[in-house]
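Read-outs throughout are calculated quantities, based only on the coordinates presented, and are distinct from any laboratory measurement. The structure displayed is predicted, hence computed values, not measured ones. Positions of Cβ are backbone-derived with ideal geometry, glycine not excepted, and every protein chain shown enters the neighbour counts.
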């Protein structure tokens, strides 16, 4: 049995970490799977792992890059300087300790999940080991980011992209080295939402690029016409306090519920009690949470700026895609679904069917083909 190692930054909360866990579980039915995590943020991985998947940690030190950037922006220099020591330690782990571990790694295939890790596996992992780079972010026409990713993949065997649009883009740079494999669901649920609860749901990191401020503002207008409906936001992050303040400013009261970080069971139960999913991200390479919501038969809406959503949502079939971040159009479509139960159920049924394209069985076949391909 071939051994597959997935190199992760950490196994805490996040879309990439969710995808890593799901892939590890999926591959473990056919391969000996190990996750090598650079940092250990929690005693146990946040997302549920199969008992067949082993986890090894390089360090228990927690990175503080986001906090340091936040303190610098807020000109909180006392906290910034207090964090410098820890920053040095995390840098040592990333650039010194991790390469030492990679030099000695015993595996058949290694999958990297970050650009910086692509460089590391290229330089320090034995040439006999198959190297796969797995990219989750959209470049957003950032030439610096594009050049860094392309350069990092110079000495890997394959680059996996989670959207066909991104795969087509990077083929211009890396040719046949590029492979399109979308993310997958860990399972297709047996229960579906009845779509009769007056709940709108959104899940994601509370950061600026996720656009939750825009969601609160448009929901304010939806709520004025449909006061019995509630908005449920699941997630945490640097923008949490700003969003709480905005909700108060908009006088939304108990019409908006901030659930914080929650595990999959909690989120899945919330999906069962929700009737509409709304994504207001400014950018999104894939949008696994859309498929998760669709698997519960929930119609989804997204701005087309969340590029990955454009491949998941079929406009007017299983949800709505709103161009140019048109707030009034988004409000109109949400209200249409609120007011038309028959339409809501029709789109929800189609959403459930679409989600089956992303089953673990279907995606496993694509990964098997890549992993078993000769170097």
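Data overview
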| quantity | calculated |
| --- | --- |
| Computed [θ] at 222 nm, helices only, for the chain once each DSSP H run of length n ≥ 4 contributes -39500 (n - 2.57) | -12500 deg cm²/dmol |
| Segment residue 74-residue 328, extension gain: residue separation times 0.36 nm, minus the distance between their alpha carbons | 88.1 nm |
| Distance between modelled label sites at residue 194 and residue 228, nm, 7 Å Cα→Cβ extension | 1.4 nm |
| Label-point separation in nm, residue 42 to residue 373, each point 7 Å along Cα→Cβ | 3.4 nm |
| Dimensions (Å) - the range 90-139, Cα atoms, principal axes, largest first | 32, 27, 13 |
| Kirkwood estimate for the range 199-358, i.e. one over the average of 1/r between Cα atoms, Å | 15.4 Å |
| Dmax and Rg, reported as Rg then Dmax, of the range 3-48 (C-alpha, Å) | 10.0, 28 |
| Cα-based Rg / Dmax (Å) for the chain | 21.2, 63 |
| Backbone N under 17 Å from the residue 361 label point (7 Å along Cα→Cβ), restricted to the range 17-53 | 26-30 |
| Using a Förster distance of 30 Å, the FRET efficiency for residue 250-residue 342 (Cβ separation, nearest 0.05) | 0.45 |
| Two-site FRET efficiency, residue 213 against residue 140, from Cβ-Cβ distance with R₀ of 22 Å, rounded to 0.05 | 0.70 |
| Difference of contour (0.36 nm per residue) and Cα-Cα distance, residue 311 to residue 60 | 86.6 nm |
| Compactness of the range 157-282 - radius of gyration and Dmax, Cα, Å | 18.1, 55 |
